1. State the Cα centre-to-centre distance between segment B:540-571 and segment B:187-211 in whole Å.
2. How much accessible surface does A:Thr2 have with a 1.4 Å probe, in Å² rounded to 10?
3. Find, among the trypsin sites (Lys or Arg not before Pro) in segment B:72-172, those assigned to loop by DSSP (not H, G, I, E, B) with at most 12 other beta-carbon atoms within 10 angstrom.
4. Name the residues of segment A:430-473, by number, that are at least 50 Å² less accessible with every protein chain in place than in the isolated chain; the surface is that of heavy atoms, probe 1.4 Å, without ligands or nucleic acids.
5. So which residues in segment B:398-425 end up with at least 50 square angstrom less accessible surface once the other protein chains are there, compared with the chain by itself, probe 1.4 angstrom?
6. Could you sort the residues of segment A:180-203 by number and keep only those whose accessible area is reduced by 50 Å² or more in the all-protein-chain setting relative to the chain alone, 1.4 Å probe?
7. Using a 1.4 Å probe on the protein heavy atoms only, what accessible surface does A:Thr584 show? Give it in Å² to the nearest 10.
8. How big is the antiparallel share of DSSP beta bridges in chain B, given as a percent to the nearest 5?
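The values are calculated or read from the model by the stated rules, or taken from the named source; none is laboratory data. What you see is a predicted model, and the numbers here were worked out from it, not measured in a lab. Cβ sites come from the backbone with ideal geometry, for glycine too, and all protein chains shown count toward neighbours. Areas reflect the complete protein model, heavy atoms only, side chains present, ligands, DNA and RNA absent. Shrake-Rupley method; radii C 1.70, N 1.55, O 1.52, S 1.80 Å.
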2 protein chains.
Amino acid sequence: MTLDRSSLLPALKNVATRLRIDSLKSTSEAGNGHPTTCCSAADVMAALFFSEMRFDPKDPHNADADRFVLSKGHAAPILYAAWAEAGAFDRADLMNLRKIDSDLEGHPTPRLPFVDVATGSLGQGICAAIGSALNARRIKSDYRTYVLVGDGESAEGSVWEAADVGAMDGLDNLCGITDVNALGQSRATMWGHDMEALASRWRAFGWHAIVIDGHDLAAILDALDEARRTKGRPTMILARTIKGKGVSFVEGKDGWHGKAFKKGDELDRALAELETQFVPAPVGVNLTALIPRPPTRPRGVDTPKPMAPPDFKVGDEVATREAYGVALAKLGEADPRVVALDADVKNSTFSDKFEKAFPERFYQNFIAEQVMVGAAMGLAARGAIPFPSTFACFLSRAYDFIRMAAISNVGIKMAGSHAGVSIGEDGPSQMALEDLAMCRAEPNITVLYPSDAVCAEKLVALMAYHPGPAYMRTSRPKTKVLYGNDETFTIGGLKVLRESSSDVATVVGAGVTVYEALKAYDALKASGVNIRVIDLYSVQPVDRAGLIAAGKATGGVIITVEDHYPAGGIGDAVADAVADAGLTVKRIAVREIPRSGKPEELLDRFGISSNHIVSAVRASAPVGSR
Amino acid sequence: MTLDRSSLLPALKNVATRLRIDSLKSTSEAGNGHPTTCCSAADVMAALFFSEMRFDPKDPHNADADRFVLSKGHAAPILYAAWAEAGAFDRADLMNLRKIDSDLEGHPTPRLPFVDVATGSLGQGICAAIGSALNARRIKSDYRTYVLVGDGESAEGSVWEAADVGAMDGLDNLCGITDVNALGQSRATMWGHDMEALASRWRAFGWHAIVIDGHDLAAILDALDEARRTKGRPTMILARTIKGKGVSFVEGKDGWHGKAFKKGDELDRALAELETQFVPAPVGVNLTALIPRPPTRPRGVDTPKPMAPPDFKVGDEVATREAYGVALAKLGEADPRVVALDADVKNSTFSDKFEKAFPERFYQNFIAEQVMVGAAMGLAARGAIPFPSTFACFLSRAYDFIRMAAISNVGIKMAGSHAGVSIGEDGPSQMALEDLAMCRAEPNITVLYPSDAVCAEKLVALMAYHPGPAYMRTSRPKTKVLYGNDETFTIGGLKVLRESSSDVATVVGAGVTVYEALKAYDALKASGVNIRVIDLYSVQPVDRAGLIAAGKATGGVIITVEDHYPAGGIGDAVADAVADAGLTVKRIAVREIPRSGKPEELLDRFGISSNHIVSAVRASAPVGSR
């Protein structure tokens, strides 16, 4: 049943007023929050939730439900108010906003079933919305994705990365609405209410742009309708609004960002004014009951086929980045949920092997790492298993997205190639020497670092099915295959590659430094000194028991060696794990900014080659001391 | 003396040919590199260096010299070739490209005197160029800044952050040239040779845009002239070029990105073709001799006045973020080189105190952290002392820029407010819990973390004059002033706040956890247990000797407590520092993704309150054990 506009508009107007009232009440009760930015968005929110979107308030995860992403996450109170109005939960719960035992947090997180990805770091929600829109294509659904963007937020470069990708991919199932309230946190935005300045940007980036009065419900409905009928490209509705709309003493005023109304007079005055804004509406119209429900498709049981096993020969020379590409293509064959995202380095990361096999599940973002990771977040939230990959150093471009992926606990499966000084001549700008620190810092990111091709292949499958975000670091140089094709690996595991009953130290390497450790083993052995050699392919979590056992068996000495800066890397991971065990952990790492040169020259110059391991062993455990 | 075009154009054409030849020879000698992207840019480079820019090849640091930033850093060989052609160094050195003992690295770094900031991570050079252009205003110089951008690079969101800021600030002393060669690394760019697609973007962002044939030297000169005459906004010249231009068998061909020509037939064939492209030029024209020299201004001796001392009272409640703002304004008074950059949170970081005092040295970037940090890099490279500040968590948005600032070793002085769970109700998206890990990972970044206002003020001055990049973490809550106004602090120092001869453990805190440690001290003391309490305000470097002495004096037990995730933070810093000393380091940190709540609730819920310190002390050093 569709209401005619004469019934719909007053009903929507009253919803908008209720959303404003709820936003004010809940933030005042919390004592802080962002009521005025809720007020500017209230009419758009009312129209979206109660006339445009199809969804089931009781089943927000429905695969075919339209998606709404609140990219301007600080407007969380009105998001919660809208879902409460729709019946997702009891309106009284709104008064628990921002309390420690409520999931109605200051900014939205997926603790709430109707939130796909955490927002609150601006410019990210629109990138996740790209992923959500791509996912509709993947599952052949006609659901639409809506994203509410702030005007101040539009200064973030990531918004324009999303703009490029959305247009390039022709995502006409995506509709953005910019809440142009002209005020940022600390002052007027760059554009104020110059609507054409914003519209011309979106048009230049290939979007259909519509400028409207964001408090004119008929205009909002018309624009949403126009967006739905626009084919071949996404639409951005630029809604001219007033911050604090509805409360005259704050409307359009600077200095009210992020301030709750004081309970008592101030709040009462605001609420009284809002109460006067209810309009006569047709009796018996229940907009919530009229929300169109999505089709219910049988929940697909995802039973991936087993992935084809590795097919390498011990001693072959294969770069782990290449093995990553091989594995990704095999995994794509085994599981249709697997997708890959690139930032124009597919021929370096070898994700082009996946593209070749599954071009329709390969998403090119060109040189734009933020939208690559952001889109992966949106895809993961909607059931895909996304592998975004680029040079490991350039994942630092998306660190804020990775941080928010951790907060969202979404299963993005990142791979970063070209780790460390072992890349050689390209120099420090292309060397990742802080990527382990960056990813390990997030407590729920799994961090893997294979040294050989077999391990790399098997870790790709493990990370795909391990819950939450994961990161795999791969290397540029070809390295010898160490493991048989049937070797097994586990997240949180390690491999002891050399051991004897007379080991004087445990040397822990990972990736390229495993080979340096093996060289050091040979050199020391020739002079009668034995060491234990460990391949720490799982850097987070680490095998604490295995490390302690090795350390205790080797005179209490552990030497870590990594193609990474010392802080936050393998040495710290090992030291933290064995902190209680009374062992000494000596860290060998890259301790200064490196430079261009040949890989083997750089390993030696920057202190992580076998020579340095040999010296460290001799210094830590002088021959004859045991 | 100005040449007429009939003499100039053939001479420039021959320069361009020489630059192509040098780019090919040097990359082939190195065995790797990017000759084809040099070839597309050769005519633009020839025109810029030998007809447009004013500089002294022997004194590239001259304060009034025009600046050139190679934002597409992988075209390094032609940058080096241009400077060699200009006489900055011997052309024969070009053959040492990418060798370990040459400063002619794979991508440019400031090891070379004519490179202001390292490039090679795309989308950053143009942000640094914004800073360079702002600096011209600061020092009242009419020098111009030129930046060569790649077309593929233009997909990076940071390019559009720079576009916004450049237009908003009306930087008509800035001229960009986009080398539109239509090929990225792995495939055609998003736009190919659709010049209007790019031009309309720049126009929409408020720049003057000029589309030209990038191999037509007269057109290039005309465009540069037009740019120079364009007032009130920056200019972007969109130069349509051919990747590999001049070598017919690679021109416009995919698959040649990042490949050197093989020495022998392949290189010889290419060079032979280039040799044919020399044209007759007027005898005796020496373009290098005609490069206009910048004025020589007396090198100003920068003797900042002493900064006004702190003016707090022990026991007052002041947030360190507020003390940061106070200090920044005082420092600005003492030293005109000090500038501040904001991303629309000046009223939260308190950098608005600086803006109020020195509006002309305050640069607003709106919500765009990448260009904020990038512009700071450009400013620092030109002699300013820039303080970019925002919420600490949002500095993660600019991590790749911070990484490149470390590689550049430029003195950007970052401040991040709202650290940790102690911010309270806003929730995890606004909490920095990995910022110490992020900054500590870079070996040359100084990391500071004051607990009180006096310390915060003094650290601002210390970080300003300490060479290289620095980061200061500030807190949201008000905290008691602990130190007298005449207390002294040093980079690499710590403060012992409580000690006795019977301490059973050393508790190391920083920022808000210092106060938790002091509460724990009081609680334990009441039950007859003494602990030593350290304020570790310098997190990188740390006072190794001081920590070891404290640990040894307190039963070998150190307990660290931090409002940060465990990996890469204070615990790891301390553990690494004392690794050889036979001490036990127990880390108390935030071990899971937090949520919204009141600050004191969150400190307790996430394990870093005084209660947890008391428990850890009791567990580590049971009463009566000593």
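1. Computed from Cα coordinates, the inter-centre distance equals 53 Å.
2. A:Thr2 exposes around 130 Å² with every protein chain in place.
3. Numbers: sites: B:Lys72, B:Arg91, B:Arg98, B:Lys99, B:Arg111, B:Arg137, B:Arg138, B:Lys140, B:Arg144; in loops: B:Lys72, B:Arg98, B:Lys99, B:Arg111, B:Lys140, B:Arg144.
Loop-located and lightly packed - B:Lys140.
4. So the qualifying set is A:Glu434, A:Ala441, A:Pro443.
5. Listed by number, the residues meeting the 50 Å² cut-off are B:Tyr399, B:Asp400, B:Arg403, B:Ile407, B:Glu425.
6. Hits at the 50 Å² cut-off: A:Gln185, A:Ser186, A:Arg187, A:Met190, A:Arg201.
7. Ignoring ligands and nucleic acids, A:Thr584 comes out at about 60 Å².
8. Here the antiparallel bridges make up roughly 15 percent for chain B.
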